[in-house]
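The structure under discussion appears below in the form of C-alpha cells.
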Amino acid sequence: MTDHSPTLNTDTNPRTDGMASVLRESPAAHGVLLALFCLATALILSLVDIVTRGPIADRGREDLYASLAQVVPDEIHDNAMTDGAMTVTDAEAGAVTVYVARRAGTPTGVAFEMTGQGYGGAIRVLLGIDPNGELLGVRVLAHAETPGLGDKIEEAKSDWIHGFAGLSLSNPGPEGWKVKRDGGQFDQFSGATITPRAVVDAIHRGLEFYARNRDTLLSAEETGSQ
C-alpha cells in the first residue's frame, strides 16, 4: 500500500543555518545587538525629554513663583520676581541667585536661598528681606529630616518658621541667633536640636550675606547679573 499522505520538507539550508549559528555564538554580534538596543533606548529618552522639557520648566517657574510669594508679599512689588534674577558672587557664600522685588522700579525687597546642614542632609531655606535688612518671611524649600521630629521646620507641620519674620542681624543680635540650648533665643524641637540649629544658622548667614551685598543688590538694574 502506497502512503500518499503529505510530507513536511525538513530540508535546511546549510548556509542559513551556519550564519544563524555564527550570529548566536559571536561576541561581536551580541555587541551589535546591544548597541542597537542602547541606540533605540537613547532615541526614546531623547524624544521624551524634548516632549516634557517645556511643561517641566513651566511647572518649575510656577513653583518658584509660589515660593517667592510666601517670603515676599505681592503687595510690596509690581514686577515678576522670577524675571531678571541676578547672581551675586560673595566671598563667603559663593554664587547666590537673588530675586529682587520692585515697585515702580525701586527695590522693595530681595529673596534668595541659603543651605544648612541638618541631621538628614542639606536643608534649603528661602529668605525674603526688606531693604532695611529685616526678614519679610522664611520658608524651608527642601529637607530630608526625620518625620515627626525634624520636619517641624515645615510650615505645614508647625508655625515655628513664622517666628523669624520681622527679625534682623541686630534683632536679636549675634548671641541671640542660636537655639536656646546653645544660649540663643530660638526654640529647638524635642529630640531634634540639629535641625533647627541648621535652619537658624542658614538664616543668620543669609542676613550677613545681605548686609555685605546690600548696596549691590539695591543699586542693581532691573535686569542683568553682578
Any chance you could run the full-extension gain for ALA80 through LYS157? It's 0.36 nm times the residue separation minus the Cα-Cα distance, nm to one decimal. 24.8 nm
For a quick check: sort ASP215, ASP78 by the number of other beta carbons within 10 angstrom, fewest at the front. ASP215, ASP78
Pull out the extension gain between ASP90 and LEU47, defined as 0.36 nm times the separation in residues minus the alpha carbon to alpha carbon distance; nm, one decimal. 11.5 nm
Based on the alpha carbons, how large is the Rg to Rh ratio for region 163-226 when Rh follows Kirkwood? 1.11
What distance in nm lies between label points placed 7 Å from Cα along the C-beta direction at GLU222 and GLN117? 4.2
Over the C-alpha atoms of region 75-219, what are the Rg and the largest Cα-to-Cα span, Dmax, in Å? 15.1, 48
Please state the charge dipole magnitude for region 120-176, taken about the Cα centre, from unit charges on C-beta atoms (+1 on K and R, -1 on D and E), reported in debye and rounded to the nearest 20. 140
What does the charge count near LEU126 come to, summing +1 for each Lys or Arg and -1 for each Asp or Glu among other residues with Cβ under 10 Å from its Cβ? +1
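No lab work stands behind these numbers, since they all come straight from the coordinates. This one's a predicted model, so the numbers in the text were calculated from it and none came from an experiment. All Cβ positions, even for glycine, are placed from backbone atoms using ideal geometry, and neighbour counts span all protein chains on display.
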